[in-house]
Amino acid sequence: MSLNTSSIKELQDLTDSLPDREKSEWTTENAERLLDSVKNLNEQHAESSRTRRIIRRIDPLITFLRRFARFGDTIVQAHPNPACIAWGSFRILLEIVSGFTSYFEKLFDMLESIDRKFPLFEKFANLHSDSPACGDALKEVYSDVVLFLYDAQRIFKQRAIKILVKTVWKSFEEKFRKRQSNLEGHISQFESAVEFAHQRTLQFERRRHLMQWLAPVDVEMELQRLSAKRTHGTCAWIYRNDVYKQWRDNPGQEPLWIYGGPGAGKTVLSTTIIADLQQQETADNQCVTAFYYFDRAEGEKSGFMPWICSLISQLVARLDPIPQQLIAAYEASSKQGRSRMTLADYPVEILVPLSKSFSKLFLVFDGLDEATEIGSMRQVIATLTALPNVHLVCLGRPVMPVRNALSTNLTISLDEALLSPDINVFLQEEIAALERNCDTHGLMSLLYPSVSEGAKGIFLWAHLMVEALKSASSVYEMTELTTQLPQGLVEMYAKTLDGYSRETRSNRDLVKRIFIWVCTSTSPLKWRELEQAISLHEDDVRLDRLKMPFKGTVIKLCSPLIQYSEREDLFRPSHFSVVEYLLGADFELSTVAADSNTASHIRTKKTLAHSTVASTCLKYLSFPPLDTAVHWDDNSLPLTSYATSNVCHHISSAGKDPALEASLSAFLSSTTRRRVWLTRWLLVTMSQAPLQNILHQQRATQIWLNSAGEFGVPGSKGFLQDTLAVMIQLNDILEPADGNRGAAPRITVSYFDKMTVIRDLSRAFTLASRLQDGIDLLENTLIQHQARFGLGSKETIWIIQSLGIFYDQGGTPENYKHASDLQNEALEIQRRVLPKAHLEIAWAKDELGRVHRHLSDLQTAEKMHQEALEILEHTLPEDAMMTIATRNALARTYRLQHRPEEALMEHKRALSAQERTRGLGHAHTLWTLTDIAKCLRDIGRNQEAYHEMMTALNGRCALLGPDHPDTLWTMNDVGLLLARLGRRDEAKMYHEGAKRKQIAVLGPSHPFTVWTVELLDRWQD
């Protein structure tokens, strides 16, 4: 049956033919009500019809006669006689009555079938209300239903005897064949549309989850915000610029570098360029524009990963379906417990093929000079610009790192001659608006000439001058402002600050706090965060809501140096040069700045600003209930998340401050407060490796305090013990028993991440001569877990394995044996409760391999590592961190078996993956470099070994510092290689340097120090 004829049209024709009083009744909107009405009509017809009542009574007889009618047919056919006439008449009557009964049964069955499907139709319609195909198909279905009900109603309004006669000539099937066929066909169409919509929803969900994994910066919001700053008629010169047109219109061009000084309007110009390039997209569907805004004032936006993730997300948004390579990377990352894309997911290898998916790809990077990892970006930029379809334009200050990164001769310099016409357009529009608002004529001729001349090609200067004019109270004051114009941005900033001299002392102090917080914060602050931050004073012992300033007052006071976005509810510096000026170390930048007491009072050295913010964060985190409760109410304590996750950043950025040091020591003196802070920090930090960041915070704060002990807190066992305690409580933290996680985000921590941190912790405990403390805590925890969950329960596995790792650090045969027993115990439980090829079993086998290597049972160690690697290679990509770690462990076993060539091959495979995923400067990559150096040494390639070991030493100096125990140990390794090369004097210099620092850092009795001293003693002998 063809469905070319629409039931909607047939229903419309029917309703048009009905009397006016019936038209509104027979519509698809009334389908369910009509169904109930027709069913009721059927029941009334069955009760009121004498014919249907008689037939219902004789129905059992009819059923019996129909069952045996064939026997009568056979008898009559075998012996024809006059009885056949009577039998034939009876047979006709039997068929008529049966047909009549069947007619109503089928009619009622169809009504019941429709009734059962209505809820399903409604459910799917609600689920896919945004699908036009589903909506259209459902309208056809409902139209079929209404048409059928109309026919059914007409039947039930007829006398039963009339229906009985009709059924002789036309059965139910003949009467309703078209209706049934149309309905079934349209239901099939509706089901297909629902299936398509369902698959589309699944794709949308996958895309949404994938975008959450990429966590891109919202560049579209940033573009809208910045585009709103552009004055109509400005920046149009770029369309006529020959260099720009050459770059835009011709394939294979060099990158275009547009450069200018601070405040030249580069960022606003970039919005014009993006708009122009997006116009190219309308003419070519395969042309795409992607862009990114670097901003050092928002540190989290200026790094490598936010940049590359944003580019990937912008390109993926233009592709359907999602490229399989990206899906595979997302699924592999999720399997390993990572909630965000990291270097381990090969972002560059994903970005480059994506970039090739379009016939023309325009890339616009603004503020590349403010990128914090320009070195890492340089190679990516070179790779992208080598693609024939990629056109790259960068805007920024004329600094050497950007010039080197771009290596281009295609440039546009934003000089005064180029920018002055646009600045004049801006000034004319603003002064004209000022005339209208002040209802004063003649301001244009009075103000414009001097302001235009004073701008000197600096858009930001012109903007600040206009803001100053707007704040003037009279034409006389406006004239005064233009007769003594500041020269350049520095004097403009100083003069702006000098304007605060008319404010009260209280307001000047408030302005200073606003500037400090907005200019040092790691991301733009929302009003509720800033409100509480600037209301805290040095002597406050609680949060006093009466001290919180009015929002309107804050916005008025901090403008124009600080901008407030009402749409985003965010405060940010109006320009990065504002941050540079307000937090500048040099207070002698100009005569105006030097002479202004107000400017000197408001400006703050960067280190002191960080000290102020750090002190406020510590005070805030010490207030109840934050000092004892992990979870919090974000409505009443909105600064909690920022203070928790950024306090160490501000501490490590501060200068030496005895008051801050005292506040930190007081804060850390409470074990409960420390651990609450650490656990909350873990919960609010949505980072690529949240556990490792705990140790990073520890190191940063230790460096700031410059203490060999842990924070110098009397009676405290420090962050190592705290971190291990937090690790032990991790499951309860992530999933509290009462289910109340407050405002804390849901995060996923993989088993590998957890155990990697345990291994790092075991080494940190060893270096601090605190290994037994960690063992004691883990053993007590194991007893508690066994009592809570039972002996041999899966909840005890990671505790047993952690104990094994800690005992393995003990360095004695007894400790190694105990570690082996513990790892075997954990493996037996895992084999009982987990699949044979589970990743956690691979981890256990890898740990057993390490222990057997330390026991000198190298054959078993090799077997364990190979079995673990077999599972990992079958389950994870080669560059997975767990795979890399196991490959390195196997290589170390080969080296101990005097198989250095095989060891070198495995280490190099691991290093290649580490360089791609973690970078050359990562701690684990540097370990692999030292392993490669040792393999080369064993082979006899001493010069190459020395080169690799020196690379590792320089990397550790940069990453860990020159006094870290690992750095000092590498100095000894370099010394040994120099001795092999016959450079004994240089070797002795490295060993003596290591000895001197080991005594100072670790103490004279530490095993590392003793080893170095004994080596030098042997040299003396």
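The values are calculated or read from the model by the stated rules, or taken from the named source; none is laboratory data. Predicted model, so just to flag it, every value in this text is computed and none were measured. Cβ: placed from backbone, ideal geometry, glycine included. Neighbour counts: every protein chain shown. Quick note on the areas: whole protein, heavy atoms, side chains included, nothing else; ligands and nucleic acids left out. Shrake-Rupley method; radii C 1.70, N 1.55, O 1.52, S 1.80 Å.
For this structure, a couple of remarks:
- Applying 1/(1 + (r/R0)^6) with r as the Cβ-Cβ distance of I322 and H232 and R0 = 30 angstrom yields a FRET efficiency of 0.15.
- Whether region 314-377 is rounded, prolate or oblate, judged on the alpha carbon gyration tensor where a/c under 1.5 counts as rounded: oblate
- Accessible area per residue, Å², region 802-939 with all protein chains present, probe 1.4 Å: 40
- Sites L791 and E814, calculated FRET efficiency, Cβ-Cβ separation with R0 25 Å, nearest 0.05: 0.55
- Database remark: amide H of L525 closer than 5 angstrom to the amide H of F571 (H placed geometrically; neighbours at sequence offset of 5 or more, or on other chains; Pro and chain starts carry no H).
- Backbone amide hydrogens, once placed in the peptide plane, bring I412 within less than 5 Å of W257, I258, Y259, excluding anything fewer than 5 places away on its chain.
- The HN-Hα couplings worked out from phi for region 493-504 by the Karplus form 6.51 cos²θ - 1.76 cosθ + 1.60 (θ = phi - 60°) are 4, 5, 5, 4, 5, 4, x, 6, 5, 7, 7, 5 Hz, whole numbers, x standing for Gly and Pro.
- Approximate spin-label separation R207-A659, in nm, with each point projected 7 Å along Cα-to-Cβ: 5.4
- For the pair region 285-324 / region 194-261, the C-alpha centres are spaced 8 Å from each other.
- Region 218-234 - phi-based ³J(HN,Hα) in whole Hz, Karplus 6.51/-1.76/1.60, Gly and Pro as x: 6, 6, 5, 4, 5, 4, 4, 4, 6, 4, 5, 7, 6, 7, 4, x, 9
- Accessible area (Å², 1.4 Å probe, nearest 10) - H947: 110
- Between L848, L896, M882, the Cα set farthest toward the positive side of the dipole of region 811-934 (charges on each charged residue's Cβ, about the Cα centre) is that of L896.
- Label point distance in nm, Y476-D857, each placed 7 Å from Cα along Cα→Cβ: 9.7
- Global form of region 776-886, assessed from the alpha-carbon gyration tensor, a/c cut-off 1.5: oblate
- Prolate/oblate/rounded label for region 238-309 (Cα gyration tensor, a/c 1.5): oblate
- Over all other residues within a Cβ to Cβ distance under 15 Å of A462, the charged ones net out to -1, with Lys and Arg as +1 and Asp and Glu as -1.
- Measuring r between the beta carbons of E779 and R296 and using R0 = 45 Å, the FRET efficiency lands at 0.40.
- Cβ charges +1 (Lys, Arg) and -1 (Asp, Glu), total dipole of region 920-965, debye: 40
- Net dipole in debye of region 440-498 [+1 Lys, Arg Cβ; -1 Asp, Glu Cβ; about Cα centre; nearest 20]: 120
- Solvent exposure of region 478-553, expressed per residue, is 48 Å² of accessible area, with all protein chains present and a 1.4 angstrom probe.
- K817 accessible area, assembled protein chains, probe 1.4 Å, Å²: 110
- Assigned charges on the beta-carbon of Lys, Arg, Asp, Glu; region 844-901 dipole about Cα centre (debye): 280
- Measuring against 26 Å, Cα to Cα, the residue pairs K495/K605; K656/K754; K547/K619; K470/K605 contain K656/K754; K470/K605 as the ones spanning a longer distance.
- Modelled spin labels at R505 and D439, positioned 7 Å past Cα toward Cβ, are 4.0 nm from each other.
- Extreme residue, positive dipole direction of region 394-549, given options L464, V475, I534 (C-beta unit charges): I534
- Once all protein chains are placed together, V1001 keeps about 60 Å² accessible to a 1.4 angstrom probe.
- Long-range HN-HN contacts of F291 with modeled amide H, under 5 Å: V364
- The relative contact order of region 881-957 comes to 26 percent, based on Cα pairs under 8 Å that sit 6 or more residues apart.
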